[in-house]
Structure formats: C-alpha cells, structure tokens
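The values are calculated or read from the model by the stated rules, or taken from the named source; none is laboratory data. It should be emphasised that the depicted structure is a prediction, and the values quoted were computed from it without experimental measurement. Quick reminder, even Gly has a Cβ in these numbers, built from the backbone with ideal geometry, and neighbours come from all protein chains shown. Heads up: the accessible areas ignore ligands, DNA and RNA and are worked out on the full protein's heavy atoms, side chains in. Shrake-Rupley method; radii C 1.70, N 1.55, O 1.52, S 1.80 Å.
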Amino acid sequence: MTTQQLQARALGDPTRHQIFRYLADEGGRVDVAELTGHIGLHHNAIRQHLARLVAANLVIESTAAPTGRGRPRLVYEVAPNVDSRWGVTGPYEQLSVLLSEIIRTGDTPVDVGRRAGSTSENVAMASDPADAMAERLARYGFDPVRRQSGDHVDLVLQACPFETTALADPDTVCGLHLGIAYGLADSIGGIVVDDLVRADPRQSPCVLRCHVEPNAE
C-alpha cells in the first residue's frame with residue numbers, strides 16, 4: 001500500500017478526519033485532553049485514532065517540556081511534509097510563498113528565509129538552545145539529528161523539504177534554508193548559526209553548523 005493510500009484510509013474515518021482537521025486548524029501542538037474535550041470521545045478512543053494518524057505519517061507525536069511532577073504530556077501536530085491534497089499547506093505551497101516574496105521584494109533568499117524563520121510560531125519548549133533549534137527545524141521537515149562537541153553543534157538535516165527544487169536551483173533553496181536557520185536562531189537566542197554545509201540530498205544530508213553561546217540555557 002502506498003503512503004497516499006494509507007493516508008486516504010486513515011482519513012476515511014470521520015472521527016480521524018475531524019481530529020486531523022482540528023490539528024491542522026490549530027496549527028500547533030495539541031494534547032489528548034484538549035482533543036477529548038473538542039471531539040467528545042473517551043481519551044482512550046482519541047489515543048487509538050491518533051495512533052492511526054501517526055502510523056500514516058499524517059501526524060507526529062512528541063513530548064512537551066515538563067511543567068512539574070509526573071510524566072510529560074504527549075502532544076500532537078500535523079506532520080510537516082503532509083501533502084496539500086489533504087487540505088493543509090504543504091511544503092511546496094510554503095516554498096511558493098517564499099519564492100514569490102523574493103521576486104516581489106528583490107531581497108536575497110537568505111534575507112527572505114531569515115524573516116520567515118524569525119516570525120515562525122514560537123513552539124520550541126526546550127531550555128537548551130540547541131534542542132530548541134532542532135525542534136524548530138523538525139517542524140520545517142528537516143528531520144535533524146544533533147551532534148555536539150563542547151559548544152559546537154552540528155545539526156545533520158536528514159530530510160530536505162524542498163528536495164526537488166533544491167536539485168534544480170540549490171543556490172536559491174539552500175539560501176532560503178540558511179536564512180530560515182538564521183531567523184530561528186535569532187528568535188531562540190543563545191545559539192548562533194555558523195554555516196550550512198551543502199550536499200546533494202540524494203546522496204548525503206546537509207549539515208547546519210552552529211555554536212552555543214557561553215552561559216546560554
């Protein structure tokens with residue numbers, strides 16, 4: 001079964017479709033308690049529907065930052081690479097907005113990306129700036145893996161959300177990606193982007209090189 005067929009089957013259930021649309025409309029992280037209140041089903045039923053959406057790569061599950069004693073909450077959001085056919089803004093719709101801004105303003109891809117990154121929703125909850133950076137990049141669909149030695153942090157970008165366009169015009173797309181990283185770092189604070197080591201996404205991942213500022217929490 002293809003990914004599209006798996007997702008169509010998952011969304012074919014009216015309750016799962018309602019949950020998915022609620023997550024898409026909220027545009028951020030939602031926990032089971034909120035979904036239970038909105039949908040009106042028992043929390044165990046909500047969890048079962050969420051598990052099907054996660055298995056279909058329509059929704060991602062993560063852990064919220066601890067707020068006290070007890071286990072951290074699980075939170076859910078629409079996966080960043082979900083296709084626009086399911087009624088959400090997909091990666092290439094996002095890219096088209098950025099490209100149109102480059103054309104309209106005449107600004108560089110790095111400048112346009114930086115504005116986008118600095119104005120993105122503040123969803124990073126980690127107290128560690130490097131963790132916060134990885135968390136935000138994950139929401140853009142980069143699937144980062146963190147490697148750190150002292151204050152130096154490499155974020156290996158295992159996925160490229162604009163891979164097809166990046167192969168055709170790497171200067172523009174990689175410039176946007178670098179700018180987005182600059183903007184995210186600006187809004188997080190305590191972490192500085194040093195460089196983006198570019199690679200052919202079909203062969204190896206790009207690497208975002210950063211460093212954590214002294215005494216940053």
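Summary of computed values
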read-out: Hits in the stretch 1-52 (condition: of a type in the set (Val, Ile, Thr) and open to solvent by 70 Å² or more (accessible area, probe 1.4 Å)); value: Thr2, Thr3
read-out: Any chance Gln158 is surrounded by fewer than 17 Cβ atoms within 10 Å (Cβ to Cβ) and either of a type in the set (Ser, Thr, Tyr) or over 14 Å from Cys210 (Cα atoms) (or both); value: yes
read-out: Residue list for the stretch 193-205, restricted to those being crowded, with 17+ Cβ neighbours inside 10 Å and not in a loop (DSSP other than H, G, I, E, B); value: Val193, Leu196
read-out: Scan of the stretch 127-144 for residues that are of a type in the set (A, V, I, L, M, F, W, C) and either in a loop (DSSP other than H, G, I, E, B) or over 13 Å from the mean Cα position of the chain (by Cα) (or both), ordered by number; value: Ala130, Phe142
read-out: Residue selected from the stretch 206-217 under the condition surrounded by 19 or more Cβ atoms within 10 Å (Cβ to Cβ) and over 18 Å from the mean Cα position of the chain (by Cα), by the criterion modelled with the lowest pLDDT; value: Val212
read-out: Filter pass, Gly189 being open to solvent by less than 20 Å² (accessible area, probe 1.4 Å) and of a type in the set (Gly, Ala, Ser); value: no
read-out: Residue match in the stretch 7-25 (condition: in contact with a helix residue (DSSP H, G or I) (Cβ under 6 Å, 6 or more places away or on another chain) and among the acidic types (Asp, Glu)); value: no
read-out: Number of positions in the stretch 164-183 that are under 9 Å from Gly117 (Cβ atoms) and among the hydrophobic types (A, V, I, L, M, F, W, C); value: 2
read-out: Top-ranked residue in the stretch 1-56 [being within 19 Å of the chain's Cα centre (by Cα) and among the charged types (D, E, K, R); ranked as nearest to Glu77 (Cα to Cα)]; value: Arg29
read-out: Some residue of the stretch 166-186 being among the acidic types (Asp, Glu), crowded, with 17+ Cβ neighbours inside 10 Å and either at pLDDT below 95 or within 20 Å of Asp107 (Cα to Cα) (or both); value: no
read-out: Which listed residue is in contact (Cβ under 8 Å) with a residue 40 or more places away in the chain and among the small types (Gly, Ala, Ser), from Ala51, Ala10, Ala45; value: Ala10
read-out: Verdict on Leu58 being within 15 Å of Ala10 (Cβ to Cβ), open to solvent by less than 30 Å² (accessible area, probe 1.4 Å) and at pLDDT below 90; value: yes
